[in-house]
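A short worksheet on the structure shown next.
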Amino acid sequence: MDQTLIEVEGVTKSFVVRRRAGRLRRTREVVNAVAGLDFTVRRGEMVGYIGPNGAGKSTTVKMLTGILLPSTGRLRVAGADPVRDRVRLAQRMGVVFGQRTTLWWDLPLRDSYELARRIYRIPAGTYARNLDRCVELLELGPLLDVPVRQLSLGQRMRGDIAAALLHEPEVLYLDEPTIGLDVVSKRRVREFLAQTNAERGTTVLLTTHDLTDIEQLCSRVMVIDHGRVVYDGGLDGLHRQGRSERTLVVDLERELPPIELHGTRLVRREGTRQWLAFPASASAAPLVAELAGRYELRDLSVREPEIEDVIARMYGEAERTAATVARIG
Amino acid sequence: MYAAVCLRSFRRYSTYRAATWARVFTNTVFGFILTYTYIALWHVRPHLGGYDLSAAITYVWIGQGLLSLLAVGDLGALADLQTRIANGDVAVDLFRPVDQQRWWLAVDAGRAGYQLLTNALVPMLVGGLAFHLRLPQGSAVDVVAGWAATALALALALVVSYALRYLVALTGFWLLDLRGIQLVYYLTSCFFGGFFLPVTVFPPALEAVARALPFIAVFQVPADVFLQHDDAAGALGALGVQLAWAVVLLGLGRLVQSRAVRKVVVQGG
Amino acid sequence: MAETRSFVGGGAARWDVVHAVRCYGHIVRMWIRAALAYPASFWMTMAGNLAASGMDFVVIVVMFLHTHALGGWSLPQVAFLYGTSGVTLGLADIFVGSMDQLGVRVREGSVDTVLVRPVPALAQIAGDRFALRRIGRVLQSGAVLTWSLLRLDLSWTPLKVLVFASLVLCGTVIFGSVFVGGSACHFFMADAAEVQNSFTYGGATMLQYPPTIYARDIVRGTVFGVPLAFVNWLPALYLLGRDDPLGLPSWFRFASPLAALLCATAAGLLWRTGLRSYRSTGS
């Protein structure tokens, strides 16, 4: 069996944006949201898709799900054209938009699932089994009879993810699934996704701003910037290329002179708190051990690098400011 | 300051272009439909309600022109106030050192100013091209007086309509769902204001009811002033009725507002 | 470009119509249940709708206080037009009227969530926010229609019954098509949603009065343009035994099914065009 699930070859997407400039004049601009994408995703892979705002992540997901038609290029999911075979493919995919719920706002959560059962024509046995699994793993039990509008963001996201998986899709697209969630919800969502991928072999493509998502879930990460894939590989490689740094935030018992620790550099000091940067590819464990041995600590935490910083360092500021927008007139 | 608020509101409404033209189109279509029903009726009864055919047709087009300007179907700029009441932002407004009733009147006046130039003028022009409309006429003095009185009547109509809508919006402090009261407001103001048919055409009992209600000051009065339906004394009397309603309703608005403030202070919104 | 074309041809054939209708039914049932969860609010808004649509009839009655005929038609005859116009618009409004909120959905971007489900977007959007309270207009117009039928004494024949039944059915389809076609335009101009009201509510108001009162060009426009005349005017000429002000061939009075079919086809094409434009612009 062919192991390739998603094929993207030379895909571009451009929009014409009309803007009012002054009282009567209007300018017409062509914005290249996606400017030549090439990648493939194999069955069972869990791929992180990251990039700054406006880089083309959402546009890519919209093209893969058949919402948007590519301007040029070839795009296949399970051998089918997502736009032409939208309805058939929809049966085989699950989609979660982080910012926008697919649940029915004024109705209890249970009703949305019941409707999904009918829309996706899920056999009764499969439906019951999948719902039970989601309810258990995502702890949805007490929420089933609550109208969706009364759910917190984290509860709603868990509800949305469950709704996307009831019909056992082969591929799951997640657009910013952890944005705005509390720590507990984030952890629960990540664990659930990892487990679903492992047990079911569900292919997962997730866009995110949160490098922790990638770190805990994805063996492969694709970075998109200015509508192109600029990195495709493991997370370690990304950190190496981006020379990204994590930060140890050290809270000491009392105010001390700057800490000198091999492999780190002090970036900030404020009262009893000090910030030490170290390469993201290095392990934090030996550093923490050494710190704990040498100093009396009140608290210690590791801060992950921001995606924007990593990418910015990767390509340098000058190139980032180059305009993607070609003015036509 | 209120002039600046008014101007800003005017500018803001002038950005809703597509929506404005859509509304103008709808008003114009309804103008044509109503005109033909009026022609059919006035064909049978040529001087019904004290209007000749040309005055009756003009009545229709004034109505379509003023529907948006006087915000009969919606709350006009007060829709924003209603939203602020619903989501609690109004608490902030109430403790600012500006008079709420005046502030929102300025905002609504800016809206009305823009809609006078679009929603009111365009259907009137289209109606004027398709049918013979009646403008203020008579001696030069009559014409000037007619237009001046119309301008005054229109300004007063806007204030009365504003005062009514202010009351409707303020009910949001006590009611959760305003759809019911808005619908009641829409129906009564359309019907008793004379938007569907002049109240002079109503059966006597119904006309008496309409004349006792404030809605007449919103539309029937400015239309009659424009059409010179009554003599000078009658027109002055009608303007007096408008003024009286404006004072009473604005006063009532203040009373309700102070109640609302007390409610917010005591219950915290 | 080749992909755009094939989407229209290939995709449509595979859409399971029965499944689409069933899903529409489920969505509708969910909304009714949700509305009935607040019975007081439901009955109040329904009574409001009833009163709102009744106001038009009060205007007609007031007019008939001053005359025995409007454009040569008596009050029961005008009431027949009023009733049929209101019932057909009301039914169309119930089934697909909430689609006029599509402009809002386009602006919010919530159309996307509809497009990732394996059911035609039309079935999902038509069922969304289904409002049973709109039945108020049907009930009120139905009452006026019943009164007019009792007063008119139409000496019913099987053909008349058939024409009457087709009037209700085809009228609903024509108004429904106007709703769908108008909503499809929201894909191109989300802010101008109100234009649609001119053809639905404006059209229904026009059909409440006899065709004889309007300029002939306007009536011609409703026969050969937006074919609203086929909703009730033309069948009513036959049912009430009146002359055609345009002097059209008499088969026009029986042509409502044809007009309904044409309208539905045009609306379907418009919808597909709208959806295609959404796919290429995403807005």
>> Could you list B:TYR59, C:TYR24, B:TYR186, B:TYR16 so that the one with the fewest beta carbons within 10 Å of its beta carbon is first and the one with the most is last?
In response: B:TYR16, B:TYR186, C:TYR24, B:TYR59
>> If I take R0 = 25 Å and measure r between the Cβ atoms of A:ARG121 and C:ILE32 in this structure, what FRET efficiency does the formula 1/(1 + (r/R0)^6) give, to the nearest 0.05?
In response: 0.65
> Which value, in debye to the nearest 20, gives the size of the charge dipole of the protein assembly as shown about its Cα centre, when Lys and Arg are +1 and Asp and Glu are -1 at the Cβ?
Replying inline: 860 debye
>> Starting from the 7 Å offset along Cα-to-Cβ, what nm value, one decimal, do you get for the label separation of A:VAL17 and A:TRP105?
In response: 2.6 nm
> For the protein assembly as shown, what proportion of DSSP beta bridges, expressed in % and rounded to the nearest 5, is antiparallel?
Replying inline: 70 percent
> Applying 1/(1 + (r/R0)^6) with R0 = 60 Å to the Cβ-Cβ distance of A:ASP145 and B:ALA233, what FRET efficiency is obtained, to the nearest 0.05?
Replying inline: 0.30
> Rounded to the nearest whole Å³, what is the per residue volume of the convex hull around the Cα atoms of region B:117-166?
Replying inline: 97 Å³
> Which translational diffusion coefficient, to the nearest whole µm²/s, is obtained for region C:26-156 from the Stokes-Einstein equation, given a Kirkwood hydrodynamic radius over C-alpha pairs, 25 °C and 0.890 mPa s?
Replying inline: 145 µm²/s
> In nm, to one decimal, how far is the C:ALA215 label point from the A:ASP232 one, both placed 7 Å along Cα→Cβ?
Replying inline: 6.4 nm
> Among B:LEU236, B:PRO222, B:GLY253, which residue has its Cα positioned farthest towards the positive end of the charge dipole of region B:179-269, with +1 placed on the Cβ of Lys and Arg, -1 on the Cβ of Asp and Glu, and the dipole taken about the Cα centre?
Replying inline: B:GLY253
> Where in chain C are the DSSP H helices whose alpha-carbon span along the long axis reaches 20 Å or more and whose Kyte-Doolittle mean is at least 1.0?
Replying inline: C:39-64, C:75-96, C:158-185
> Roughly what % of Cα-Cα distances in chain C sit above 25 Å, to the whole percent?
Replying inline: 50 percent
> Using alpha carbons only, how many degrees (0 to 90, rounded to 10) separate the axis of helix A:183-200 from the longest principal axis of chain A?
Replying inline: 60 degrees
> Using θ = phi - 60° and the Karplus curve 6.51 cos²θ - 1.76 cosθ + 1.60, what whole-Hz ³J(HN,Hα) does each residue of region A:207-220 get, with Gly and Pro shown as x?
Replying inline: 9, 7, 9, 9, 4, 5, 3, 5, 4, 8, 10, 10, 7, 10
>> Just to check I understand the Karplus step: with θ = phi - 60° and J = 6.51 cos²θ - 1.76 cosθ + 1.60, what whole-Hz values come out for region B:214-221, glycine and proline as x?
In response: x, 4, 4, 6, 7, 10, 4, 5
>> What is the ratio of the Cα radius of gyration of region A:245-304 to 2.2 N^0.38 Å, with N the residue count, to two decimals?
In response: 0.99
> Using unit Cβ charges (K, R positive; D, E negative) and no other charged atoms, how large, in debye to the nearest 20, is the dipole of chain A about its Cα centre?
Replying inline: 1640 debye
>> Need the full-extension length gain, A:GLU304 to A:THR4, defined as separation in residues times 0.36 nm minus the C-alpha distance. One decimal, nm.
In response: 104.8 nm
> Quick one: in region C:226-275, what % of C-alpha pairs are over 17 Å apart?
Replying inline: 40 percent
> For chain A, what's the relative contact order in percent, using C-alpha pairs closer than 8 Å and at least 6 residues apart?
Replying inline: 20 percent
> So for chain C, taking the charge dipole from beta-carbon charges (+1 Lys/Arg, -1 Asp/Glu), which of C:LEU162, C:LEU207, C:LEU149 sits furthest toward the positive end?
Replying inline: C:LEU162
> Over all distinct alpha-carbon pairs, what is the Kirkwood Rh of the protein assembly as shown in angstrom?
Replying inline: 31.5 Å
> Out of the DSSP beta bridges found with both residues in region A:4-240, what percent are antiparallel (nearest 5)?
Replying inline: 60 percent
> What percent do you get for the relative contact order of chain C when only Cα pairs under 8 Å and 6+ apart count?
Replying inline: 26 percent
> So how much slack lies between C:TRP251 and C:PHE64, counting 0.36 nm per residue of separation and subtracting their Cα-Cα distance, in nm?
Replying inline: 64.1 nm
>> Are there any chymotrypsin sites (Phe, Trp or Tyr not before Pro) in region A:72-168 that are in a DSSP loop and have at most 16 other Cβ atoms within 10 Å? List them by number.
In response: A:TRP105
>> Once the cut-off is 26 Å, how many percent of the Cα-Cα pairs in region B:2-267 end up in the long-distance tail?
In response: 42 percent
> Is chain A best put as rounded, prolate or oblate by its Cα gyration tensor, with a ≥ b ≥ c the root eigenvalues, rounded for a/c under 1.5, and otherwise prolate when a/b is larger than b/c, oblate when not?
Replying inline: oblate
> Viscosity 1.306 mPa s, temperature 10 °C: Stokes-Einstein D of region C:146-231 from its Kirkwood Cα radius, in µm² per second?
Replying inline: 108 µm²/s
> When Rg is the radius of gyration of the Cα atoms in region A:104-187 and Rh is its Kirkwood radius, what does Rg/Rh come to?
Replying inline: 0.94
>> Based only on other Cβ atoms within 10 Å, what is the fewest-to-most ordering of C:MET44, C:MET206?
In response: C:MET44, C:MET206
> What residues qualify as long-range amide H neighbours of A:ARG246, i.e. H under 5 Å apart, gap of 5 or more or another chain, H built at 1.01 Å from N?
Replying inline: A:PHE278, A:ALA280
> Using 1/(1 + (r/R0)^6) with R0 = 25 angstrom and r between the beta carbons of B:ARG262 and B:ASN87, what's the FRET efficiency to the nearest 0.05?
Replying inline: 0.80
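FYI, it's all coordinate maths here, none of it is from the lab. Just so we're clear, the structure is a prediction, and the values are computed from it rather than from any experiment. Methodologically, a virtual Cβ is constructed for each residue, glycine included, from the backbone with ideal geometry; neighbour enumeration extends over all protein chains shown.
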